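For reference, the structure discussed in these notes is given below.
A short reminder: the numbers here are calculations on the coordinates, not readings from a lab. Everything numeric in this text was worked out from a predicted model, so none of it was measured. Counting neighbours? That spans all protein chains shown, and the Cβs are built from the backbone with ideal geometry, glycine included.
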């Protein structure tokens, strides 16, 4: 699934060359601007990789009325600009498409980053109809994604200028992580998260909305939502988990978090809450079944940093909805609750 | 990759990868006991994952697959030792 379209500006999004005539700037190509608006409406981020001064990106925002999620202006290789967008947004190459009118630029990006979908502007209208540009579910959170990344830029600039520790910045920003039991209104977003999250996803398997609905009413399960906001903006529902609570060993069958929430106290807060809630419910340990794949290494780092340990002797039994044939091996990450665990950070409001 | 690559060579190469990842050349002089995450080099979980991708490309050792608990990510030295050990073991 494509999460971000990266635009060249001159003769691609613009009808001409920005620097050619300072007193007569080019307009926006109407057909391509329409594609931009359509894809943004589907929750696909829009970014810029342009050999122009940064003012050109500002101008593109004014022309299209769109806040770009990441802007890379400069005269280096286009592949370097595309890589900078990936770093900026926390995406991997097969999640982005790049559109440029210059065949040389397209070839350079295709050679350096073979997993990026490279398009000529004339292919754009067709490509927008391809399945990889059509996410199955589009929620309010997804549609607001571009704005959320723009808020993130402001937050990041303030964080860079901030003198204190990371935790102090979370407090200064008024970070609020709210953990709650899921209800029916959360169904669409919960269904969307497993499709959209990779780096913090314990199963890597899509989950049908019907499955979540059944889990809501199952006595042996809790479906948990995590919401995030701070003074810069409201990110809405950024993560969640499904916990089997039937016995004294709580089993986390699915744990997922948007990479947008990285570095904002969410995953650590959720893991601390899990330990606290399990302990209060009389459980002796928490087990997170986590598939071992290339993409979710960040989740495994978060788990082990929080004190969870992979236990080879513990079966990581997963229900059918959380399994797939090509999923690879699953490890059980366990934490005992007999010893004190990290306190719940003060920015977390527990369920 | 030569199986003769020694621990100190891995350590020096690892420091170069880290300097590239963080954009901070001071990392080149960091002692082996420097933690990789948080208070040390300051990698976050995504940074740690990126480091392991680079390590696999450079040394052919898939740390993420072989070290389920990622204990090797404790310090620059533990990661270098893990990589050097796997390289001589093949």
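Quick check on the range A:165-349: take the gyration tensor over C-alpha atoms, sort the square-rooted eigenvalues as a ≥ b ≥ c, and tell me if it's rounded (a/c under 1.5), prolate or oblate. Rounded, because the longest to shortest axis ratio a/c is under 1.5. Each Cα pair under 8 Å and six or more residues apart adds its sequence gap; the mean of these over the residue count of chain B is a relative contact order of 37 percent. Here r is the Cβ-Cβ distance between residue B:34 and residue A:312 and R0 is 30 Å; the resulting FRET efficiency, rounded to 0.05, is 0.50. Rounded to the nearest 500 deg cm²/dmol, what is the calculated helix-only ellipticity per residue at 222 nm for chain A, with -39500 (n - 2.57) per DSSP H run of length n ≥ 4? That comes out to -10000 deg cm²/dmol. Only beta bridges with both residues in the range A:4-137 are counted; by DSSP, about 5 percent of them are antiparallel. Relative to the longest principal axis of the Cα atoms of chain A, the long axis of helix A:78-89 lies at roughly 30 degrees. Taking the C-alpha atoms only, the angle from helix B:76-88 to the longest principal axis of chain B is near 10 degrees.
Averaged over the residues of peptide A:106-119, the number of Cβ atoms from other protein chains lying within 10 Å of each residue's Cβ is 0. Against chain A, whose longest principal axis comes from its Cα atoms, helix A:103-112 is set at around 30 degrees.
Cut-off is 10 Å between beta-carbons; in what order do A:333, A:59 appear when sorted fewest neighbours first?
Final ranking by Cβ density, sparse to dense: A:59, A:333.
Determine the shape class of the protein assembly as shown: with a ≥ b ≥ c the square roots of the Cα gyration tensor eigenvalues, call it rounded for a/c under 1.5, and otherwise prolate if a/b is greater than b/c, oblate otherwise. Oblate, because a/c is 1.5 or more while a/b does not exceed b/c. The ranking of A:1, A:104 by Cβ neighbour count inside 10 Å, starting from the fewest, reads A:104, A:1.
Need one number: % antiparallel among DSSP beta bridges in the protein assembly as shown, to the nearest 5.
60 percent
When B:27, A:92 are arranged by Cβ crowding within 10 Å, least crowded first, meaning fewest neighbours, the order is A:92, B:27.
An oblate overall shape is assigned to the range A:210-285, the ratio a/c of its alpha-carbon gyration tensor axes (a ≥ b ≥ c) being 1.5 or greater and a/b not exceeding b/c.
What is the Cα centroid distance between the range A:226-255 and the range B:1-50, reported in whole angstrom? Here the two parts' Cα centres lie 33 Å apart.
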